[in-house]
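> Quick one: this structure, given as structure tokens, is what I'll be asking you about.
What follows is calculated from the coordinates using simple rules that are stated; it is not laboratory data. It should be emphasised that the depicted structure is a prediction, and the values quoted were computed from it without experimental measurement. Every residue, glycine as well, gets a Cβ built from its backbone with ideal geometry; the counts of neighbours run over all protein chains shown.
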Amino acid sequence: MSTPETTIAAPRTGRIDPKYTRGESGKGNFEMLAWLFMRVSGVILVVLVFVHIFSNLMVGDGISGIDFGFVAGKWAHPLWLFWDLALLWLAMLHGANGVRTIINDYAERDGVRFWLSMILYVATAAIIVLGTLVIFTFEPCMVDATGALLENSPAICR
Amino acid sequence: MSSATAQAPAKNGRGTLYRGHGGMWSWVGHRVTGVVIFFYLLVHVLDTAMVRVSPEAYDAVMESYKTWYFALGETALVAAVLFHALNGLRIILVDFWKGGTRHHKTLLWVVLALWAVLLIGFSVRHLTLAFGGH
């Protein structure tokens, strides 16, 4: 069949049987991008989350010092506003993709997998939208219908 | 190939490179802590959303976070976050660093050591603040 002079082609050259090629099913390389996103967002989240926990619980009065005024003080600075916004989006997308992977691993029946995924996507979208609205519409000095400052408002409002 | 070489001996669970060893348990730990953190995240956005209701509503929710049983829960949550973060960095090193697979056992011990040190540091400070003052 082959003579001694025949050379063997390097791997992956020439035509590959279509059943061994990936990415032709229309899904593209979504799963590879999701895998890469977990690593990239993961590294960023380590920094965002560690600083978030440290600045809220380890300095000053820690948990005892957290109230409405603490949040108002933090969000008076654009840095913390965008820090928390980045935390919200990256953590929610990172977590949702992780749970999506777990659903795909364990929910074997199509119907169960579909509905669990739908609940996950709807809950994730709702929380991201809610959190984003809270961050951008935050009002440190809230007043009631008569224009009076609400109870527990921070000192800067007076 | 005979079926004897294809099947992992079930008795001691040592038939494969992976099963029953640190790699498998860190994978289990990563999944469990990930799910716990995700569900807390949903709750955490909702409790923070109370700042759009009223200062009183937010302060009332925060009061529950200052109880002794929540303080213990927060410590458990940070234990989960620390493990997930450190083990996640280990996974990235195994995936992208040339020596990652060769040193994966050492990396896991480094993760566990750092986890213990950071968790002890956090617990002492947090529980002192939660139980001590006010």
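> So how many residues does segment A:134-150 have that are closer than 13 Å to A:D84 by Cβ and either part of a strand (DSSP E or B) or aliphatic (A, V, I, L, M) (or both)?
Matching residues across segment A:134-150 total 2.
> Identify, from the list A:P78, A:P140, the residue that is touching a Cys at 6+ places or on another chain (Cβ under 9 Å) and either away from chain B (no Cβ under 12 Å) or of a type outside the set (F, W, Y) (or both).
The match here is A:P140.
> Something else now. At the interface with chain B (Cβ under 9 Å from one of its Cβ atoms), closer than 27 Å to A:P154 by Cβ and not in a loop (DSSP other than H, G, I, E, B): does that describe A:V46?
Considered against the rule, which asks whether it is at the interface with chain B (Cβ under 9 Å from one of its Cβ atoms), closer than 27 Å to A:P154 by Cβ and not in a loop (DSSP other than H, G, I, E, B), A:V46 comes out as no.
> Here is a follow-up. Just checking, does segment B:104-126 include any residue being within 11 Å of chain A (Cβ to nearest Cβ), in contact with a Leu (Cβ under 9 Å, 6 or more places away or on another chain), surrounded by 18 or more Cβ atoms within 10 Å (Cβ to Cβ) and among the charged types (D, E, K, R)?
no
> Answer with yes or no whether B:A71 is within 11 Å of chain A (Cβ to nearest Cβ) and farther than 29 Å from A:M38 by Cβ.
yes
> It is to be established whether one or more residues within segment A:79-102 are of a type in the set (S, T, N, Q), more than 19 Å from B:F38 (Cβ to Cβ), surrounded by 15 or more Cβ atoms within 10 Å (Cβ to Cβ) and in contact with a helix residue (DSSP H, G or I) (Cβ under 7 Å, 6 or more places away or on another chain).
no
> Would you check if A:T146 is among the polar types (S, T, N, Q) and surrounded by fewer than 15 Cβ atoms within 10 Å (Cβ to Cβ)?
yes
> All but one of (1) part of a helix (DSSP H, G or I); (2) touching a helix residue (DSSP H, G or I) at 6+ places or on another chain (Cβ under 7 Å) hold for B:G100; which doesn't?
Only one criterion is unmet by B:G100, namely (1).
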